[in-house]
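Trainee: Please read through the structure below; I'll follow up with questions.
The values are calculated or read from the model by the stated rules, or taken from the named source; none is laboratory data. These figures come from a predicted structure and were not determined experimentally. Here Cβ is always computed from backbone atoms with ideal geometry, including for glycine, and neighbour counts include all displayed protein chains. For accessibility, only protein heavy atoms count, side chains too; no ligands or nucleic acids. Shrake-Rupley method; radii C 1.70, N 1.55, O 1.52, S 1.80 Å.
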Amino acid sequence: MAALVGDCIVDDLSFTFFQFTFIDFTVGHVGYDLDGEGIGAVALLLPQTYRLYNLELPPSTPPTPSNLLKKSIQILKSNSHKRNPTIPPDSIDVTLVRRSFDSRRKTLRTSGPVFNHVIDVCLSSQCSQILGEIKTINGKIERLPPSPSLPPSTPTLSFKKKPTIIITGSGPSGLFSALLLSRTKLFKIVLLERGQPVESRGKDIGKLIHRNQINPESNFAYGEGGAGTWSDGKLTTRIGRNSKSVRFVLSCFVKFGAPEWILTSGSPHLGTDNLVKILREMRKEIRSLGGEIRFGAKVTSLGYPENGTVKKVRVEYSDVIERGLGKEETERINRMARERVEIGSEDIGHSARDVYKMLHKEKIPLKPKPFAVGFRIEHPQSLINSLQYKEYSDQVVTGKKGTDLANGSKDIVEGVLPVASYRLATDLGYDGKINRPVYSFCMCPGGQIVPASTSEEETVVNGMSFSKRDSEFANSAVVVGVGEEGDEVLEEYWEKWGVLGGMYFQEDIERKSRELGGSNFTVPVQRLPNFLNSTLSPTLPKSSYRLPKKSSPLHTVYPPPNNQLPKARNNRNIRTTNSWLPRRIRVAAWRGD
Ligand SMILES: Cc1cc2nc3c(=O)[nH]c(=O)nc-3n(C[C@H](O)[C@H](O)[C@H](O)COP(=O)(O)OP(=O)(O)OC[C@H]3O[C@@H](n4cnc5c(N)ncnc54)[C@H](O)[C@@H]3O)c2cc1C
């Protein structure tokens, strides 16, 4: 959730925000083209950089710099117009752009799992001359334009008095908004977070896991860093991993202490332990730039804004325990907490249900969007490893060092594979009337299932892991899409609750799940074959969920047709699904995204 609240009108604010977003991570490519007519002969004498895609090495050949260099030279030679050129190895520089592990048994190009690389090779002018013209193919070998050295763009705005921008929520959206806006030094930033800083949030989460006691304002969903702090810390995205904004976010994490390999790994992962350290550093930078971060500060009203202008933000404060602050700083923060915040205008993100209700009550226009609901599903990690890697499964390493190595740190050693993960998706999940997307989501290898409820009346779980990813379990969400226009499943909810129908549907599911499980965050659990046959599981297997579990009819939680995972209409998909879903599986109610 990132509610940017400032005293400019909404459009101005969004424009400002996006413009500033790009300040720090500079410039695109300048438009001169070495392939251009008339300059080709000169170009061949200059150093040149090529990007090589799909450079594959089997697990038996460790992707060391020298092996990558050898493989790159092979590719360049086979695409050179010269016959068998001899290349001095020191005339080429190889830079790793991305590395991922493809565990498929057979692809068009390979007959077993491979490490797949994207590499930039920089050829000296001598080497360029030796190789002559290189055949370029889009998506395979591309010539990169030289990096320009343009000065970073500078903000053009100036104000007589610094406008104040209030940001609600210190989740990823709120924190990055605060960081970027603080760096412009053009605004006074106030970040309001209902939950606690990571130090005391960790203690609250400990109380929940060990003593079944929940703090409704500081838990797996609320507090510094937002819902993702006690999470798996996967940094994968479906919005283009090489895009400038994604690379910017990753490089920020590295600046704040994340391992450098997240910049090149195909499946970057931080783990809760790293996230906590990174968040402390982000907090420090925002404050050092003059930004205020107030914890225990819950926004309860935007003062019934008229014409899109917020006049007042009402905030309820609770006690805050922030370690590492001197007496003076603690007093300053306490003083700030007593001040009222009276500033205006808005642009709201998403999150807690009470926030949706508040926005709706205050007549702020809301628009529903489709979402997904389903279950967490858990297997022994060793089973996933053996399904994915077959004879290579004993090369899997866990533990911090092993994970770093397997994910692409510089000192790569032979025979090291990351804990296996999987992804399953079909848009042919047939529910008897329509096709629905069915997919696995947020897969946590070597992770655990955790209680993600924000109150005792609802039961909901999610997945998290530490950077070591060394738990004996693998879990992921398996979800079904709902909420497209005209979706019968939500019809009665839209009728009763209008735009908030989807939210009340979600609340109902979490309450039903609480009824099935019972108090103390007892989670209802069912083995997959029983779920599919609509029968109770007589016994439950071991699980990573540390609070109580109860065998329950999970097939009754969702209304038909979502009470069971929709069957795939296409036979091929059924087979794929069934071969992937082994019998030793258990499912637990899960809140979709
Ligand atoms: C256990 C778990 C594991 C996850 N794992 C991953 C993962 O591995 N990778 C991934 O990409 N995503 C993961 N997610 C999802 C990810 O966390 C969310 O997509 C992301 O946090 C959304 O960011 P956000 O800033 O929009 O909202 P949030 O992170 O939800 O942040 C909202 C913030 O606003 C605060 N807030 C709410 N209401 C108020 C109010 N009235 N006043 C003041 N503050 C308020 C909340 O306390 C919270 O800190 C996970 C989520 C959970 C719960």
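Trainee: Can you pull the accessible area of Glu316 for me, 1.4 Å probe, Å² to the nearest 10?
Mentor: For Glu316, solvent-accessible area is about 110 Å².
Trainee: Measuring from a point 7 Å past the Cα of Asn84 along Cα-to-C-beta, which residues in segment 120-140 have an amide N at less than 14 Å?
Mentor: No residues fall inside that zone.
Trainee: I've got another one for you. Provide the FRET efficiency to the nearest 0.05 for the Ser245-Thr64 pair, computing r from the beta carbons and using R0 = 30 Å.
Mentor: My answer for the efficiency is 0.40.
Trainee: Same structure, new question: Multiply the residue gap between Asp102 and Tyr422 by 0.36 nm, knock off their C-alpha separation, and tell me the result in nm, one decimal place.
Mentor: 114.2 nm
Trainee: Computing the accessible area with a 1.4 Å probe over protein heavy atoms, can you report the carbon and sulfur percentage for segment 447-494?
Mentor: So the carbon and sulfur contribution to the accessible surface is 40 percent.
Trainee: Could you work out how much longer the chain between Thr236 and Gln129 gets when fully extended? Use 0.36 nm per residue separation minus the Cα distance between them, nm to one decimal.
Mentor: 34.6 nm
Trainee: Once every Cα of segment 456-495 carries one equal point scatterer and solvent is ignored, give the base-10 log of I(q)/I(0) from the Debye formula at q = 0.17 Å⁻¹, two decimals.
Mentor: Scattering profile of segment 456-495, log10 relative to I(0): -0.73.
Trainee: Something else now. If R₀ is 51 angstrom, what is the calculated FRET efficiency for the pair Lys255 and Lys207, using the beta carbon separation as r and rounding to 0.05?
Mentor: After rounding to 0.05, the efficiency reads 0.95.
Trainee: Next question, about the same structure. Translational D (Stokes-Einstein, µm²/s) of segment 474-559 at 4 °C and 1.567 mPa s when Rh comes from the Kirkwood sum over C-alpha pairs?
Mentor: 89 µm²/s
Trainee: Something else: Probe 1.4 Å, all protein chains in place: accessible area of Val438 in Å², nearest 10?
Mentor: Its accessible surface works out to 10 Å², give or take rounding.
Trainee: Quote the FRET efficiency, to the nearest 0.05, computed for Ser158 versus Met358 with a Förster distance R0 of 35 Å and r equal to the Cβ-Cβ distance.
Mentor: Working from the Cβ atoms, E equals 0.50.
Trainee: Too long at a 18 Å Cα-Cα cut-off: which of Lys185/Lys284; Lys234/Lys550; Lys234/Lys512; Lys312/Lys363; Lys71/Lys140?
Mentor: Lys234/Lys550; Lys234/Lys512
Trainee: Still on this structure, I have one more. For labels at Glu199 and Ile434 in the simple 7 Å Cα→Cβ model, what's the distance in nm?
Mentor: About 5.1 nm, to one decimal.
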